[in-house]
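Notes to accompany the following structure.
The values are calculated or read from the model by the stated rules, or taken from the named source; none is laboratory data. None of these values were measured; they are calculated from a predicted model. All Cβ positions, even for glycine, are placed from backbone atoms using ideal geometry, and neighbour counts span all protein chains on display. The accessibility values were calculated without ligands, DNA or RNA, using every heavy atom of the protein model including side chains. Shrake-Rupley method; radii C 1.70, N 1.55, O 1.52, S 1.80 Å.
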Amino acid sequence: SNDALYLSYGAEINKIKSVSDEVVYHPVKYKPLFGSQAPVDLQADIKIVKNPNRVVNDNDVKSRTISAINEFFALENWDFGETFYFTELAAYVHKKLAGVLSSFVIVPQGAGSVFGDMFEFTPNSDELIIPDVSVNEIDIIQNITDENIRAGT
């Protein structure tokens, strides 16, 4: 709560803040995306098509993809309640893995979900988005087809 934050940190912060500064104590909630810690409607698999002209180890691609996703979602890049757009994440991952990836998509895992359901997500005003991605949520595929972008596959 606001009071708990003030009691825990207020005395120390008051020592270093300016007289004209006002500190607002606002608790935060984290909203995980993609992995098993995310709410069911926000769980997704990441499907990657590697560049056929480059020889790259699958595990290296998965590891570099996770690193890029974690960098994209770094807390200093986000504000409370800021909308996530998948296209921004895809552009960032493509830039970080330039020449390695041909395609990068997310496919919702929910039974009633369809491809595209998670292309935009806005958390509540007291929430910050954090990624929950492991190699278990990343699949390397040969190409994008109706079959492999169907939810739950």
Exercise. Which residue pairs have Cβ atoms under 6 Å apart, sit 6 or more places apart or on different chains, and have a first residue in the stretch 138-149 that is touching a residue at least 24 places away in the same chain (Cβ under 8 Å) and a second that is of a type in the set (Phe, Trp, Tyr) and surrounded by 10 or more Cβ atoms within 10 Å (Cβ to Cβ)?
Worked result: Ile149/Phe115
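Of all residues in the stretch 83-102, how many are surrounded by 14 or more Cβ atoms within 10 Å (Cβ to Cβ) and in a strand (DSSP E or B)?
Step one: filter the stretch 83-102 for residues surrounded by 14 or more Cβ atoms within 10 Å (Cβ to Cβ), giving 84, 86, 89-90, 92-94, 96-97, 100-102.
Then drop every residue that is not in a strand (DSSP E or B), which leaves 84, 101-102.
Number of matching residues: 3.
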Exercise. Quick one: how many residues across the stretch 106-126 are under 18 Å from Ser36 (Cα atoms) and assigned to a strand (DSSP E or B)?
Worked result: 4
Exercise. Looking at the stretch 103-116, is at least one residue modelled with pLDDT of 90 or more and open to solvent by 30 Å² or more (accessible area, probe 1.4 Å)?
Worked result: yes
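Looking at the stretch 72-82, which of its residues are in contact with a Ser or Thr (Cβ under 9 Å, 6 or more places away or on another chain) and open to solvent by 30 Å² or more (accessible area, probe 1.4 Å)? Let's see the steps before the verdict.
Step one: list which residues in the stretch 72-82 are in contact with a Ser or Thr (Cβ under 9 Å, 6 or more places away or on another chain), which gives 80-82.
Correct list: Phe80, Glu82.
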Exercise. Any residue in the stretch 112-132 that is of a type in the set (A, V, I, L, M, F, W, C) and in contact with a Gly (Cβ under 8 Å, 6 or more places away or on another chain)?
Worked result: no
Exercise. Do you know which of the residues in the stretch 38-71 that are without any contact (Cβ under 8 Å) to a residue 40 or more places away in the chain and either open to solvent by less than 50 Å² (accessible area, probe 1.4 Å) or in contact with an Asp or Glu (Cβ under 7 Å, 6 or more places away or on another chain) (or both) is farthest from Phe104 (Cα to Cα)?
Worked result: Pro39
